[in-house]
Amino acid sequence: MRRFVRFLPSLLLTVSCYAANLTGNWVAETPLPDGTVRKAYFTLKQQDSHITGSIRVTQFYYTISASTGRSEEFTITGSMMDGTLERHVVYQGKLVGDELHLATRRRADAPLVEVIAHRAPEGEGAMPARVAPPALHRVPNNSLARTPAMGWNSWNKFKGDVDDAVIRQIADAIVSSGMKDAGYQYINIDDTWEASRDTNGNIVPNKKFPDMKALADYVHSKGLKLGIYSSPGPNTCAGYEGSYGHEEQDARTYAAWGIDYLKYDWCGARNIYTDEEMQAVYQKMGDALRVSGRPIVYSLCQYGRDDVWKWGPDVGGNSWRTTGDIRDAWDSMSKIGFGQNDLAQWAGPGHWNDPDMLEVGNGGMSDGEYKTHMSLWSILAAPLLAGNDVRNMSPSIHEILTNREVIAVDQDPQGKQGRRVWQSGDQEVWVRDLAGGAKAVGLFNRGEKDADIGVSWADLGFAGSSKELKVRDLWNHQNVEASGARYSTRVPAHGVVLLGIQE
């Protein structure tokens, strides 16, 4: 979940100020409904009308790059580099008695967020001391995820509005809907479950998840598995407690709870490590999971940076994100999905390219576009992690997510990722080699109008007579008569015809 600040609540606090000067360490904090406290730190140094220092808002750490004004009225601009992208935050402020009043906007069109801060002890809120990453070595394969992981993840639909009760209901629905029987196995809790650490340094869930072990036991009782989320940084994407400096301890905790899957999101680690150190940082958790005492699928989430597909297996990874975050929109899904062609050689049993979670059923696309989504991810041998509210699915969405003929393409044991074999404008043909000499063929129309798409059997690698081919339309669940040297059909706008072909 490379992800950025998802929420920064209005903070209204009172504090004491020692002088009519901004110099010092300031903190604004507010309690959140889940029992945690969100803090923002402003470490400032004022010399006349020049203000320098830093701003730390959860996992975002900005250096003040520009300022105007004095304590009675000022503006500060914080800047940070996120990979190759420079990001900025602007605060307007003033010192009012013993309070530091600040206001900012998350976006140009967003309302002002007001912050009132008080002085904090010097050094509080500073980034923790850097721990040098370990020397590189190969983490032994964990023998998990021999086919792409299938399951459900909380983020796309629920964001932070997820708790113990929701997870139990989702597990129930995965079973009752037939999704479990179709192959969906993992119920994955994304960000916002964390609270803090106890006196021994053990990670503690917040009040939304009062007993993680009991929750895992419940999910396991349904014949399913439970996944969890963390970050190699001090904070997660949403600003909660990360695993930095506690990798082995957290892995042991996950194992003791009964966790079966870890999504590990780069986010806050970027404030401490460079992309060039990413492999070693992910290796550290790979080693920790290896000795945790429990088999745990390891999902790397760092948005395809540093060519992760080239080293993901070496750090114990079972899958790795190849892109930024998906959105429930045609432009996002299609750009991500159709952009995976060059990565096919890096996928195989136990290690998979991950173009992000499914948006099927979240309402931003048509059923036809969701079929394209599901078809393309299956040809790509991608993890199939549903992200909708499976407790309330329309019949058409249920059919898309549980189409076993399409799922069989994704779960093919040979583990070869498909490739594009033909393209003309907005029309594309993708082919995936399957076990036993079969092939899955996707005829995709990315255009805005219906179009005829055709392909020759020879171009698909079938040298024999078309009469000897067994062709099946996997969405219509119908056999297709193969005649002549080519196959051609009408494909709807943004749609797909997905074929299974066997000689």
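All of the numbers you see were taken from the coordinates with simple rules; none came from a lab. Just so you know, these numbers come straight off a predicted model, no measurement behind them. Note that we place each Cβ from the backbone using ideal geometry, even for glycine, and neighbour counts take in every protein chain shown.
One table, with the values for the structure above:
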read-out: Between the stretch 225-280 and the stretch 150-199, the Cα center-to-center distance that results, in Å; value: 18 Å
read-out: Two-decimal ratio, the stretch 92-169, of alpha-carbon radius of gyration to 2.2 N^0.38 Å; value: 1.96
read-out: Rounded FRET efficiency, nearest 0.05, which uses the C-beta distance separating Ala256 from Lys449 and R0 of 56 Å; value: 0.50
read-out: Cα-projected label distance for Asp307 with Asp211, points at 7 Å along beta-carbon direction, nm; value: 5.0 nm
read-out: Local electrostatic count, Arg404, Cβ distance below 12 Å [Lys/Arg +1, Asp/Glu -1]; value: -4
read-out: Mean separation of Cα contacts under 8 Å (6+ apart) over length of the stretch 419-502, as relative contact order %; value: 34 percent
read-out: Least to most buried among Thr30, Thr274, Thr372 (fewest other Cβ within 10 Å first); value: Thr274, Thr30, Thr372
read-out: Cα centre as origin, Lys/Arg/Asp/Glu Cβ charges: the stretch 24-119 dipole, Debye; value: 160 debye
read-out: Glu448, Glu359, Glu405, Glu399 arranged by Cβ crowding within 10 Å, fewest neighbours leading; value: Glu448, Glu399, Glu405, Glu359
read-out: Sequence-separation-based contact order of the stretch 211-263, relative, with Cα cut under 8 Å and 6+ spacing, percent; value: 43 percent
read-out: Dipole of the chain, positive direction: furthest Cα of Thr77, Pro492, Ala108, with charges on the beta-carbon; value: Pro492
read-out: The stretch 419-502: Cα Rg divided by the 2.2 N^0.38 Å rule of thumb; value: 1.02
read-out: Geometric extent, Cα atoms of the stretch 24-119 - Rg, Dmax (angstrom); value: 13.3, 42
read-out: Local electrostatic count at Gly348 - Lys and Arg +1, Asp and Glu -1, tallied over other residues with Cβ under 10 Å; value: +2
read-out: Cut-off 12 Å between beta-carbons: net charge of the residues surrounding Leu112, Lys and Arg +1, Asp and Glu -1; value: +1
read-out: Inter-part distance where the stretch 337-378 and the stretch 473-503 are each reduced to a Cα centre, Å; value: 20 Å
read-out: Length-normalised contact order of the stretch 174-307 in % [C-alpha pairs under 8 Å, at least 6 apart]; value: 23 percent
read-out: Surface/4 of the Cα convex hull for the stretch 36-179, nm²; value: 15.0 nm²
read-out: Which of Ile407, Ile189 has the fewest Cβ neighbours within 10 Å, and the rest in rising order; value: Ile407, Ile189
